[in-house]
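The values are calculated or read from the model by the stated rules, or taken from the named source; none is laboratory data. All figures in this text were calculated on a predicted structure; none of them were measured in a lab. Every residue, glycine among them, receives a Cβ derived from its backbone with ideal geometry; neighbour counts consider all protein chains shown. All accessible areas refer to the heavy atoms of the entire protein, side chains included, with ligands and DNA or RNA removed. Shrake-Rupley method; radii C 1.70, N 1.55, O 1.52, S 1.80 Å.
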Amino acid sequence: ELTLIAALAQDDPPRAFPHEVRLVPHGSKDGDREVELLAEVPLDAIEIASDATRGTYTAHLSFVAFIKDQTGRPVVRLSQDWPVEGKLDEAGRVSEASLVLRRVMSLPPGRYTVESALLDRKTGRISVVRTSADIAPPSSSGAR
């Protein structure tokens, strides 16, 4: 985790493989918006180990993200050790296109920056992404 936090602090952070992180607003609760953080990484971008005898594959990631308000103050810190195992298809290949990590939280309306870092634990490669998100107040016609 410290390695990922150090990567986030770099002026020119590493981007060894593609990944996306976004905030998706849903409903509202007590004036805040229920928000889902989605982190997605293509399986072909990370190191996958296949076990043909078991018909499975494995990968191992670590994830850290800070959600910062418009002043730059961190309001949410997320971290996840992310071991992955899945089934190989009938031809012995990885059939899924990408891995998705989901976390649900409540945030007040506002402008946010999501700073995230992923570590491919099998190779040591790190990828950092910074994205912005506007969380609108809930509308009277429902969440968008």
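List of remarks:
- Against the numbered list (1) out of contact with any His (no Cβ under 9 Å at 6 or more places or on another chain); (2) under 20 Å from L2 (Cβ atoms), I135 comes up short only at (2).
- Among the residues listed as P42, P109, the single one being under 17 Å from the mean Cα position of the chain (by Cα) and either closer than 30 Å to P137 by Cβ or not aliphatic (A, V, I, L, M) (or both): P42
- Qualifying residue in region 37-49 (condition: in a loop (DSSP other than H, G, I, E, B) and surrounded by fewer than 15 Cβ atoms within 10 Å (Cβ to Cβ)): no
- Criterion: surrounded by 14 or more Cβ atoms within 10 Å (Cβ to Cβ) and of a type outside the set (A, V, I, L, M, F, W, C) - qualifying residue of P138, P83, P74: P138
- Taken over region 50-71, the residue count meeting the criterion of being in contact with a Ser or Thr (Cβ under 7 Å, 6 or more places away or on another chain) and either open to solvent by less than 20 Å² (accessible area, probe 1.4 Å) or part of a helix (DSSP H, G or I) (or both) is 4.
- Here V21 clears all of (1) under 30 Å from S139 (Cβ atoms); (2) surrounded by fewer than 16 Cβ atoms within 10 Å (Cβ to Cβ); (3) β-branched (V, I, T) except the condition numbered (2).
- Filtering region 66-84 to residues that are farther than 22 Å from A97 by Cβ and not β-branched (V, I, T) leaves F66, K68, D69, Q70, G72, R73, P74, R77, L78, S79, D81.
- Of residues in region 106-128 being open to solvent by 20 Å² or more (accessible area, probe 1.4 Å) and part of a strand (DSSP E or B), the one farthest from L43 (Cα to Cα): G110
- Counting only residues that are of a type outside the set (S, T, Y) and either free of Cβ contacts under 8 Å to residues at least 40 places away in the same chain or more than 18 Å from K68 (Cα to Cα) (or both), region 2-54 holds 30 of them.
- Residue in region 26-34 that is under 28 Å from A136 (Cβ atoms), open to solvent by 20 Å² or more (accessible area, probe 1.4 Å) and part of a loop (DSSP other than H, G, I, E, B) present: yes
- Where a residue in region 84-105 is at positive phi and its partner, wherever it lies, is surrounded by 12 or more Cβ atoms within 10 Å (Cβ to Cβ) and assigned to a loop (DSSP other than H, G, I, E, B), with Cβ under 8 Å and at least six apart: G92/G55
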